[in-house]
Amino acid sequence: MTANPNTEWKKLCSKNDLIPNSGVAALHEGNQVALFYIPGYENEVYAIGNHDPFSGANVLARGLIGDLKGEIMVASPLYKQHFSLKSGSCMEDEEVSVPVWPVRLQGDDVEIVAA
């Protein structure tokens, strides 16, 4: 997901808070966000909602990252649905999705779009 060039970015955490090839949860403006740091892959860092719409639990940051049919995704650790890290859409049910936030690395800072 790309952001408008005039978008206001704010620091969410440090790059040192991230775990390579894994997810961590963060709080952004009252929302739980699942951050995924994938060194060497396109954007390197992705931000989606941490709330799994199928289980109702905030667990997506604990899911397994992978590639399904060429799409970077995370598998929910509970019921195993797959969510695109780019669009937030569920790969098994196109009517279900999780929020996605533009996020980027700026030096050692992880920045997310401010509301």
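Suppose we keep only residues that are of a type in the set (A, V, I, L, M), without any contact (Cβ under 8 Å) to a residue 40 or more places away in the chain and closer than 19 Å to residue 110 by Cβ within segment 39-85. Which one would you say is surrounded by the most Cβ atoms within 10 Å (Cβ to Cβ)?
Only one residue tops the list, namely 60.
Residue 34: more than 24 Å from residue 105 (Cα to Cα), small (Gly, Ala, Ser), in contact with a strand residue (DSSP E or B) (Cβ under 9 Å, 6 or more places away or on another chain) and touching a residue at least 12 places away in the same chain (Cβ under 8 Å), yes or no?
no
Considering only residues that are touching a Leu at 6+ places or on another chain (Cβ under 7 Å), part of a loop (DSSP other than H, G, I, E, B), at pLDDT 95 or above and farther than 14 Å from residue 83 by Cβ, which ones fall in segment 17-56?
18, the sole residue that qualifies.
Inside segment 104-115, can you point out the residues that are of a type in the set (D, E, K, R) and either surrounded by 12 or more Cβ atoms within 10 Å (Cβ to Cβ) or free of Cβ contacts under 8 Å to residues at least 24 places away in the same chain (or both)?
Within segment 104-115, 104, 109, 111 meet the criteria.
Inside segment 97-108, can you point out the residues that are under 14 Å from residue 26 (Cα atoms) and touching a Lys or Arg at 6+ places or on another chain (Cβ under 8 Å)?
If the condition is that a residue be under 14 Å from residue 26 (Cα atoms) and touching a Lys or Arg at 6+ places or on another chain (Cβ under 8 Å), then 100 is the only one that fits.
Quick one: count up the residues across segment 9-38 that are within 24 Å of residue 92 (Cβ to Cβ) and buried (at least 17 other Cβ atoms within 10 Å of the Cβ).
6
Pull up segment 86-103, narrow it to residues that are assigned to a loop (DSSP other than H, G, I, E, B) and touching a residue at least 24 places away in the same chain (Cβ under 8 Å), then point me to the one that is farthest from residue 22 (Cα to Cα).
96
The values are calculated or read from the model by the stated rules, or taken from the named source; none is laboratory data. Treat the numbers as computed from the prediction; the structure is a model and nothing was measured. As a convention, Cβ positions derive from the backbone with ideal geometry for all residues, glycine included, and neighbour counts pool all protein chains shown.
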